[in-house]
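First the structure, in the form of structure tokens, and then the observations on it.
The values are calculated or read from the model by the stated rules, or taken from the named source; none is laboratory data. Since the model is a prediction, treat every value here as computed from it, not as a measurement. Every residue, glycine as well, gets a Cβ built from its backbone with ideal geometry; the counts of neighbours run over all protein chains shown. Side chains included, ligands, DNA and RNA excluded: accessible areas come from the protein's heavy atoms. Shrake-Rupley method; radii C 1.70, N 1.55, O 1.52, S 1.80 Å.
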Amino acid sequence: MRRRRFLATTAVAGGLLAGCTGSDGGTNESTAGAGDGTAASDGTTGAGAATESGSTAAEGTGSEATDGTGTASGGSYSTTMPPVGTVSFDSVPETWVANNGSWADMGVALGKQPPKAVWLTERYHTQYYDEIPGVSVDKSGMQSLYSDGVSKELFYELDGDVHVIDPNFLLNRYKGWNQTDIKEIETEIAPFFGNSIFSRGYDWHEDYPYLSLYEAFEKLSQVFQETERYEAFAGLHDDFQSNVSEVVPSGEKPAVAIMWAGSDQPDTFSPYLISPGTSFKQWRDLEVRDAFADTSVRDFHADRSEVDFETLLEVDPDVLLLRGHEDKTRKQFQNTVVSYLESNDTASALTAVENGDVYRGGPLYQGPITNLVLTERAARQVYGASDQLFDRQRVADIVTGSS
């Protein structure tokens, strides 16, 4: 019998898990943003929306986002996150499983070994760590949780000490999972501790608050008992935000269209509308305008919508930001996707193509380290920024514990 690393889970007000019937009953892993959800199409926040600052701000009317100190004094400790409630640990988890690259990156930032598995390993883009001296992640032994479904047996094989996954994601996005399965994994292996933060498009998430990137990061730091590293990152992030604000010009900002381009020669695209989800943090911080916001274009995850070149010509965004190509270098992206658009009779008439403003649009997932890299890259793309906006060595020192 494996040594238990947690003691108990206490449900938050309103029930342990919310929304247990999936709206789509399955998944579409072959399509844009497969299995990941996305932002709500209206791009607005509810009352009490969380900030992206280093401090914690409760969302909605509940206090779940801020209670639970995670403080330990050589023994058991607990911390709280909606929707799983308060989870008590008898020792710091050593091995773990993450829902996606957002959480995996948080763990790396906290100086932990990478997770044993993430949802799709190809969407955990570890090349961003090349920007940080002495920080790297080897994915060669990492497993994908999703493979034509999600196997409960794989959780037993992984045998992690904590599952940093929103259990409602399993219950609502994939066939074959129910609350009995969730309880079994918690009882026989280890607890769930997660919140689907990258997207604001799930109707089943309405019953409990979302967390901002740094709220979620703080919660995970309590699980791993690495709150000093979190606080160091929060301070760095505050300085970074000041630098970013200096890059943002006054006056009207460029209108950007964020879309998933599924091939090197795309003729249709899956549109994403900018929302408060962490997937769009860099674009909100840079204050760009959403080219689709005041049009009839619907968010991909609202109705699996697509746009073609004719629709794009009507909207004619200043900048095209194409997702699905983060595995390419800037030059490779230019020589494939951009070259195709420039050679296409219709696409070449787009303002963004004519002006050379077609860029990789960033991944679906980002944590504290990757957000720094991606925001700086985005500032160069849309504003022509040339200076470094954050101290790479300072990041490395926090990760390695040298600060």
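Scan segment 378-386 and give yes if some residue there is touching a Lys or Arg at 6+ places or on another chain (Cβ under 9 Å), surrounded by 21 or more Cβ atoms within 10 Å (Cβ to Cβ), farther than 30 Å from residue 110 by Cβ and at pLDDT 95 or above, otherwise no. The answer is yes; a qualifying residue exists. Residue 212 satisfies every condition listed in (1) of a type outside the set (D, E, K, R); (2) open to solvent by 50 Å² or more (accessible area, probe 1.4 Å); (3) farther than 16 Å from residue 118 by Cα except (2). Of 402, 348, all but one fail to be free of Cβ contacts under 8 Å to residues at least 12 places away in the same chain and open to solvent by less than 50 Å² (accessible area, probe 1.4 Å); the exception is 348.
Only one entry in 271, 276, 317 is part of a loop (DSSP other than H, G, I, E, B) and in contact with a strand residue (DSSP E or B) (Cβ under 7 Å, 6 or more places away or on another chain), namely 317. Note on segment 172-195: residues that are out of contact with any Gly (no Cβ under 7 Å at 6 or more places or on another chain), open to solvent by less than 10 Å² (accessible area, probe 1.4 Å) and more than 13 Å from residue 97 (Cβ to Cβ) total 2.
Does residue 219 fit the bill of being open to solvent by less than 40 Å² (accessible area, probe 1.4 Å), more than 16 Å from residue 370 (Cα to Cα) and in contact with a Lys or Arg (Cβ under 6 Å, 6 or more places away or on another chain)? Taking the combined requirement at face value, the residue does not satisfy it.
Quick one: would you say residue 301 is part of a helix (DSSP H, G or I) and either within 21 Å of the chain's Cα centre (by Cα) or within 28 Å of residue 119 (Cα to Cα) (or both)? Yes: the conditions hold for residue 301.
Just to be sure I understand, how many residues within segment 95-142 are hydroxyl-bearing (Ser, Thr, Tyr), closer than 18 Å to residue 372 by Cβ and either more than 18 Å from the chain's Cα centre (by Cα) or surrounded by 24 or more Cβ atoms within 10 Å (Cβ to Cβ) (or both)?
Of the residues in segment 95-142, 3 are hydroxyl-bearing (Ser, Thr, Tyr), closer than 18 Å to residue 372 by Cβ and either more than 18 Å from the chain's Cα centre (by Cα) or surrounded by 24 or more Cβ atoms within 10 Å (Cβ to Cβ) (or both).
Filter segment 279-298 down to residues that are at negative phi and outside any helix (DSSP H, G or I), then give me how many there are.
12
Looking across 253, 219, one residue alone is over 28 Å from residue 333 (Cα atoms) and basic (Lys, Arg). It is 219.
Listed residues 147, 151; which is open to solvent by 40 Å² or more (accessible area, probe 1.4 Å), touching a Leu at 6+ places or on another chain (Cβ under 9 Å), among the small types (Gly, Ala, Ser) and farther than 28 Å from residue 109 by Cα? None of the others qualify; the one that does is 151. For residue 375, the test of being over 25 Å from residue 98 (Cα atoms), among the polar types (S, T, N, Q) and either under 26 Å from the mean Cα position of the chain (by Cα) or surrounded by 16 or more Cβ atoms within 10 Å (Cβ to Cβ) (or both) is failed.
Entry remark, segment 285-305: residues being open to solvent by 40 Å² or more (accessible area, probe 1.4 Å), touching a residue at least 24 places away in the same chain (Cβ under 8 Å) and within 18 Å of residue 274 (Cβ to Cβ) number 5 in total. Checking segment 316-327 against the condition returns no match, with no residue being surrounded by fewer than 16 Cβ atoms within 10 Å (Cβ to Cβ), without any contact (Cβ under 8 Å) to a residue 24 or more places away in the chain and over 19 Å from the mean Cα position of the chain (by Cα). Scanning segment 234-258 for residues that are of a type in the set (A, V, I, L, M, F, W, C) and either surrounded by fewer than 17 Cβ atoms within 10 Å (Cβ to Cβ) or over 30 Å from residue 218 (Cβ atoms) (or both) yields 248, 255, 257.
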